[in-house]
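Comments concern the structure below.
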Amino acid sequence: MSVVGQVFGNPELYASTLAMATPLALPALGGTFSERTGVVNIAMEGNMLVGAFFGVMIAAATHSSWLGLLAGALAGGILSLSLAWAAIRLQADQVVVGMAVNLFAAGITAFLFNTIYGPNGTPPNTPFLPTVTIPGLYQIPFIGPILGQQNVLVYIMLLLVVVSHYVLFHTTLGLRMRAVGEHPEASDTVGINVARLRYLGVFLGGLLAGLGGVFLSIGLLNSFDVGMTDGRGYIALAAMIFGKWTPLGSLGAALLFGFATALSFALQGIGISSNLVAMLPYALTIIALTGLIGRSRPPAADGIPYAPTK
Amino acid sequence: MSTLEIRHLRKAFPGVIANDDVNLLVQSGETHAILGENGAGKSTLIKMISGLYQPDQGEILIDGEARRFDTPRDAIHVGIGVVHQHFMLIPALTVAENVVLGSELSKGRFQRSKTEAAVAEISRSFGLPLDPSARVRDLSVGMQQRIEIVKALYRKVRILILDEPTAVLTPQETRELFVVMRQLKAEGIPIVFISHKLEEVREIADTVTVMRLGKTVQTHPVAGTTSAQLANWMVGRDVVFSDHPPASTGIGDTLLEVDRLTVLDERKVQAVRALTFAVRAGEIYGVAGIDGNGQTELVEAIAGLRPVQSGVIRFQGRSLAKVGVRGRLRAGISYVPQDRQRDGLVLTFTLTENLMLRDLSRPFSRGGFLTRKAARQRAQELLTEFDVRPDNPSALAGSLSGGNQQKVILAREVASRPKLLIAVQPTRGLDVGAIEGIHRQLLRLRDEGNAVLLVSLELEEILALADRIAVMHAGQIITELPRDQADIETIGLAMTGERRAAVTSEEGST
Ligand SMILES: Nc1ncnc2c1ncn2[C@@H]1O[C@H](COP(=O)(O)OP(=O)(O)O)[C@@H](O)[C@H]1O
Ligand SMILES: [Mg+2]
């Protein structure tokens, strides 16, 4: 078989794509909720980081990866409320506050990690999220190794994408969330509580980003490292934009970016620079924003504080 | 069915008392007009009635019972339906979604087909046909207003309030609206109709309450009033109605020549098609027509804001093909755009800064630095001259009412002493006093030997100002008449696309 055939014909590449896409798809989904209600959420990176840290910490302390998962998600959700409060209540600049949240998260997780675990790092007996094998599916050739055996959070992510799509586009709640992100004043005049839905959007965003972090620390890498999210929160935002602020689109973009990462690993063996491939998400996002492949249009009131006169 | 009573309502904003002792009684089953100049406080009153603003003092009574509306939800709950001056629609959503938003059929799943059927049913039963699955952003202003009314009907409206509903409509759409209003009245729904147009109030309303400077100054049955009386209450002084302008004192050389001009719109469709006309110094050239017949594209092409597909635009004999916006300004072409909030002013800048935007040369700047004092002084002069209220050079442009914003733009453009002023809907949404002032300035500009290209949807405005009148239809000028040969019927017919030949033959047959 040719080198190309070896790389692209290997189901390993696609299985790894799915795994690499998960920590992007979860926060991208979160960003979608936040921005659909009108709050620009640049704090995805910080939310992921606290998710990753508290995921490990609680999993290690309770010997339960599931409690770790819960704690990590909640940590992301709770941290995101600080952004929500500043953005909604104080009508602060959302990008500035988002950056502040990221810096805070980087600082606090580094501090806690070093204080609690010192030089030893993540305790070796930290439980991980289990890998699941789906019996029938796994036996199918080629497809099986890709879809049939993955970390449980990969499957949860896929489920959440479908649920999010349903909630945003097929429920009354989703309609109202979108309305608030498009035109808060109009929503206000029909009796919708704009602030409440924006809090909800940002909080869901934090939860999902936190889950993304959990996947990194106790799903994919099995350890916490200072700054381990390594810009994934920003790539997730790129995925959200590239996916046109929709759950399915976000998943698609995350898969594409995940594929790029998986490919860069595979190509390293044959001497192609991975830096080139690492650029892909950003290049594609710029292309999406310039409208070369169908213009990506943000919610009309995205990032604009709503200040009703009373 | 229902009555609405307002007692001693008051609302102050920093620096302005928007409503001061407002009293109003809307009887069941009547159409009650609130008439007042821009900035009189009409919208503020409506926002209090709809729960968007909280009154500082006073009472709102529905069917004789005092009510407090902390949020719009409370007002909707007792059956108050408001069509706000700036529509409260979400362009990205569908008609049906907009109609039911906030009062959806069920909590969980959004029942799309049931919702669309319900919306279609209501719109049909009130004679307001709508396509429930269309996106609002694709619909005309008239359609959007229809959605707003259906929105109120869907919520079982008991009192319908329309804030300046006709300001954005074509004459045809206004007539359609009035048909709908009469029908709603026949159903027993009291209507509060807000306007600053006297003729409309006299046509549609039973009772009129006049507001001035935040106060209700008169309530009167419409039947016993004259337009002059209403206008005088509204502005607090005598207004002179002049429907024939003093004719142009002298026509000079051709300034602007448009020769077989073709311009594309956003969808790459020809909006202006091989159009030819010329404007001479010392005249006001009026372009009438129904909205969307290429007026915007024509004007933007002349102003240099939109590329020309083919044809030539010449100014003082020189082709403008290679001249940019800045160069056209320097050559003496000024432009007062239609959407003043978007295109004409920086709302977060002060009036002084806005007045300087056009001309940053001396004495407003020296060596690249602004000379604040000179600018402020000049701004003060202009604000006084153009009767802008408040005439405070440090006020933010965004804090002014629409009429006063328009005066600021006009002041800036006229002050630059243009040879050609392009004015698009210069008095749209303004009150009698402001219209009078702006018309006076346009006539003055003309009498000083300059040219004005006036594009307006208001036929009365064209007839009141223009020396020559062109009617645009489907991207072409289909009729061009001197003022003294034009009348409202001929032009109105041409606006619908009937050529002059057809007009004459029809006149011949009757
Ligand atoms: N939210 C606001 N903040 C400050 N001033 C306002 C606000 N809304 C209206 N005003 C001021 O109150 C006055 C009345 O405005 P408005 O009610 O819109 O008048 P109208 O609808 O009769 O044109 C104006 O001077 C306007 O500038
Ligand atoms: Mg108003």
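Extending each Cα 7 Å along its Cβ direction at residue A:8 and residue B:254, get the distance between those two points in nm, one decimal.
Output for this residue pair reads 6.4 nm.
Over chain A, what is the mean sequence separation of C-alpha contacts under 8 Å (at least six apart), divided by residue count, expressed as relative contact order in percent?
Rounded, it is 36 percent for chain A.
Whole Å is fine, so just give me how far the alpha carbon centre of segment B:281-338 lies from that of segment A:35-63.
Their Cα centres are 56 Å away from one another.
Write down the percent of antiparallel bridges among all DSSP beta bridges whose residues are both part of the protein assembly as shown, to the nearest 5.
Taking every DSSP beta bridge with both residues in the protein assembly as shown, the antiparallel ones total about 60 percent.
Can you compute the charge dipole magnitude of chain B about its Cα centre, using +1 on each Lys and Arg Cβ and -1 on each Asp and Glu Cβ, nothing else charged? Give it in debye, rounded to the nearest 20.
2000
So what's the back-of-envelope 222 nm ellipticity for chain A, counting only DSSP H runs of four-plus at -39500 (n - 2.57) apiece and dividing by all residues, rounded to 500?
Only helices count here, giving -22000 deg cm²/dmol.
Using +1 at the Cβ of each Lys and Arg and -1 at the Cβ of each Asp and Glu in the protein assembly as shown, identify which of B:396, A:145, A:41 lies farthest towards the dipole's positive end.
The one lying farthest along the dipole's positive direction is A:145.
What is the extension gain from residue A:67 to residue A:290, computed as 0.36 nm multiplied by their sequence separation minus the C-alpha to C-alpha distance, in nm to one decimal?
The residue A:67-residue A:290 span can extend by a further 76.0 nm.
Where does helix B:500-509 land angle-wise versus the long Cα axis of chain B, in degrees 0 to 90, nearest 10?
Around 60 degrees separate the two axes.
Check the straight Cα-Cα distances from residue B:114 and name the lysines below 23 Å, setting aside those fewer than 8 residues away within the same chain.
Partners within reach: B:151, B:156.
Taking residue B:407 as the anchor, which lysines have their alpha carbon closer than 21 Å to its alpha carbon, excluding any fewer than eight residues away along the same chain?
Cross-link targets: B:42, B:197, B:419.
Looking at segment B:262-356, which chymotrypsin sites (Phe, Trp or Tyr not before Pro) are in a loop (DSSP not H, G, I, E or B) and have at most 16 other Cβ atoms within 10 Å?
Answer by residue number: B:349.
Tell me the net charge near residue B:66. Cut-off is 12 Å between Cβ atoms, residue B:66 excluded, with +1 for each Lys or Arg and -1 for each Asp or Glu.
For residues surrounding residue B:66, the net value is -1.
Could you let me know the centre-to-centre spacing of segment A:92-132 and segment B:174-219, using Cα atoms, in angstrom?
63
Find, among the trypsin sites (Lys or Arg not before Pro) in segment B:1-102, those assigned to loop by DSSP (not H, G, I, E, B) with at most 12 other beta-carbon atoms within 10 angstrom.
The qualifying sites are B:68.
Once both axes come from the Cα atoms, what is the angle between helix A:232-242 and the longest principal axis of chain A, in degrees from 0 to 90, rounded to 10?
70
Pull out a ≥ b ≥ c, the square roots of the eigenvalues of the alpha-carbon gyration tensor of segment A:11-102, then state rounded if a/c is under 1.5, prolate if not and a/b is larger than b/c, and oblate in the remaining case.
Oblate is the answer for segment A:11-102, as a/c is 1.5 or above yet b/c matches or exceeds a/b.
Would you work out if chain B is rounded, prolate or oblate? Take a ≥ b ≥ c from the square roots of the eigenvalues of the alpha-carbon gyration tensor; rounded if a/c is under 1.5, else prolate when a/b is larger than b/c, oblate otherwise.
Cα axes put chain B in the prolate bin.
Please list, in chain and number order, the residues 5+ apart from residue B:57 or on another chain whose amide H is under 5 Å from its amide H, with Hs placed from the backbone.
Under 5 Å from the amide H of residue B:57 lie the amide H atoms of B:10, each far enough along the sequence or on another chain.
Round to a whole angstrom and tell me the spacing of the C-alpha centers of segment A:137-171 and segment B:365-402.
62
Hand me the trypsin sites (Lys or Arg not before Pro) from segment B:398-496 located in a DSSP loop with no more than 11 other Cβ atoms within 10 Å, in residue order please.
Within segment B:398-496, no trypsin sites (Lys or Arg not before Pro) qualify (loop, at most 11 other Cβ atoms within 10 Å).
Tell me which of B:282, B:405, B:140 sits at the most positive position along the dipole axis of chain B, charges placed on C-beta atoms (Lys, Arg +1; Asp, Glu -1).
B:405
With each run of n ≥ 4 DSSP H residues scored as -39500 (n - 2.57), what mean residue ellipticity at 222 nm is computed for chain B after dividing by its residue count and rounding to the nearest 500 deg cm²/dmol?
Rounded to the nearest 500, the figure is -10000 deg cm²/dmol.
Return one number: the angle in degrees, 0 to 90 and rounded to the nearest 10, between the long axis of the Cα atoms of helix B:402-415 and the longest principal axis of the Cα atoms of chain B.
Here the helix axis deviates by roughly 10 degrees.
Values in this text are rule-based calculations from the coordinates and carry no lab data. On a predicted model such as this, the values are computed, not experimentally measured, just so you know. In this analysis, Cβ positions are derived from the backbone assuming ideal geometry, glycine residues included, and neighbour counts consider all displayed protein chains.
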